[in-house]
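One structure is given here, and the rest of the page talks about it.
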């Protein structure tokens, strides 16, 4: 029997009424509530009391929540307010009706390429906005991707966010101490596992790559019987190509996943903006058939498909035993177990035993091998030193020029002895004049004599609608296709001046500028109007029929008391004439 939640029905901070429990994890519980001042539905994220009592954790949580509240982006769940009511620390956030990406994957399994990209692109747009604002999410996973009822994608739960730079220039973050691992195990970048390793926005890039792999294949790339096994795979095993599980994925998306999930953070795209640009370039090369191809039946969900991974704090008992369930966690890893994770190879499918190496008896080595070893070591140092010096002269590390203008980017490249080859490309997300990406990517080693290919945004691509009036419908469609617009619906109407079958007008009109592949509707002339047959009709009926067709009527002959019938007409029935033409009708002489 479920226990009653004591918060339901209460009023937090005299303002927020707690109404319904939505989700629960190890760090917080989320409720649906009402802001009684503004009379709007909100989501209330309440920290667990065990964490709320930690002043340091609470302080960082609130401080960083304020930073996220300043991040205004349509694909980020807005933070409205934060507060504390007694021992209850909470955030008031935008309430997003719909479901999570985890729900979608649980119901559908692998997604089509188009569906996966339609979800990942707004996720990357949200993360890119955060990265450019100096924020790192650090807990990107399907549970934190919300899909509204009308298809809008939003990134939620910046609870583990890291603020790269504060006002005073110091870095602050909700970080774990040495020997602990913070985050969701399935989506951890290797540097999040290594003690003391620095982390930056590229941990979100890594998690986004895992997200893409999971959407394309229906399962996570690294699994294990316990979190330690999964962490070991992140450290020592590359993420496999998704095409190994779903051959239709193809090498282009394999390369995206491999780049985003590189174990060396310097080999990944610099941030989510650069990954988004690469993803959009790949998307433009894919045909509609590939984008919409259904994944094989083997990728559909099974009853054993993993459930959601709630955010939690796991503090296992003393000793090497790892938690049985994989969770988003602050995971205390004993030092000896961490040493094995980092240095000792072992079969991936075995549990991680704790072994303490004991030194064996020392043996005196023969003198001659020691001399040769010393000589070889000196030679190696000399050769290595020369190679390093030459390497520094010939090679350099590609700096970040993303978001800069062309002049600033060239100045930065000049500063490290490199030069750029600039190319303008369209972008729906990066303002005109700013750098979208570089090849080689940021942090890569490159020859200084080789140009760095730099893509500069031209802004959104907009195409002027061509003038297709007077053309046939087929010619108009070809003209629209030639400028990368699409033909929309075709409406036919009679016209006195435009020949039959020719375009009268388009909507939008000629000259308007539209996004690529926007449909343009056409109005096509049916030519002049056929004269209706009014013979045998009374004078009144004939007048009505001709008027309805757009003609005027005059009569000849005698129509005594209006009872006669039309005996002939000119022009004859069926002849095509411009509207408003006068049709003469004759009545018999009485």
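The values are calculated or read from the model by the stated rules, or taken from the named source; none is laboratory data. Predicted, not measured: the structure shown is a model, and the values here were computed from it. Here the Cβ is made from the backbone with ideal geometry for all residues, glycine too, and neighbour counts use every protein chain on show.
Looking at segment 40-127, what strands (runs of 3 or more DSSP E) fall wholly within it and have at least 2 residues that are in contact with a helix residue (DSSP H, G or I) (Cβ under 9 Å, 6 or more places away or on another chain) and free of Cβ contacts under 8 Å to residues at least 60 places away in the same chain?
Because the criterion is at least 2 residues that are in contact with a helix residue (DSSP H, G or I) (Cβ under 9 Å, 6 or more places away or on another chain) and free of Cβ contacts under 8 Å to residues at least 60 places away in the same chain, the strands (runs of 3 or more DSSP E) in segment 40-127 that meet it are 40-47, 79-85, 88-94.
Condition check ((1) touching a helix residue (DSSP H, G or I) at 6+ places or on another chain (Cβ under 9 Å); (2) in contact (Cβ under 8 Å) with a residue 24 or more places away in the chain; (3) more than 28 Å from residue 513 (Cβ to Cβ)) across all residues:
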{"site": "407", "(1), (2), (3)": "no, no, no"}
{"site": "410", "(1), (2), (3)": "no, no, yes"}
{"site": "443", "(1), (2), (3)": "yes, yes, yes"}
{"site": "465", "(1), (2), (3)": "yes, yes, no"}
{"site": "469", "(1), (2), (3)": "yes, yes, no"}
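Read through the list (1) surrounded by fewer than 17 Cβ atoms within 10 Å (Cβ to Cβ); (2) more than 60 Å from the chain's Cα centre (by Cα); (3) part of a strand (DSSP E or B), then give the number of the only condition that residue 553 fails.
Tallying (1) surrounded by fewer than 17 Cβ atoms within 10 Å (Cβ to Cβ); (2) more than 60 Å from the chain's Cα centre (by Cα); (3) part of a strand (DSSP E or B), residue 553 fails exactly one: (1).
Any idea which residue in segment 242-272 is farthest from the chain's Cα centre (by Cα), counting only those that are surrounded by 20 or more Cβ atoms within 10 Å (Cβ to Cβ) and over 23 Å from residue 137 (Cα atoms)?
If we take residues in segment 242-272 being surrounded by 20 or more Cβ atoms within 10 Å (Cβ to Cβ) and over 23 Å from residue 137 (Cα atoms), then 246 is farthest from the chain's Cα centre (by Cα).
Where in segment 433-491 are the strands (runs of 3 or more DSSP E), entirely inside, with at least 1 residues that are closer than 25 Å to residue 260 by Cα?
The strands (runs of 3 or more DSSP E) meeting that bar are 435-439, 445-447, 452-457.
Would you check if residue 275 is under 14 Å from residue 120 (Cβ atoms), crowded, with 24+ Cβ neighbours inside 10 Å, under 17 Å from the mean Cα position of the chain (by Cα) and not assigned by TED's automatic domain parsing to the domain that holds residue 427?
The answer is yes for residue 275.
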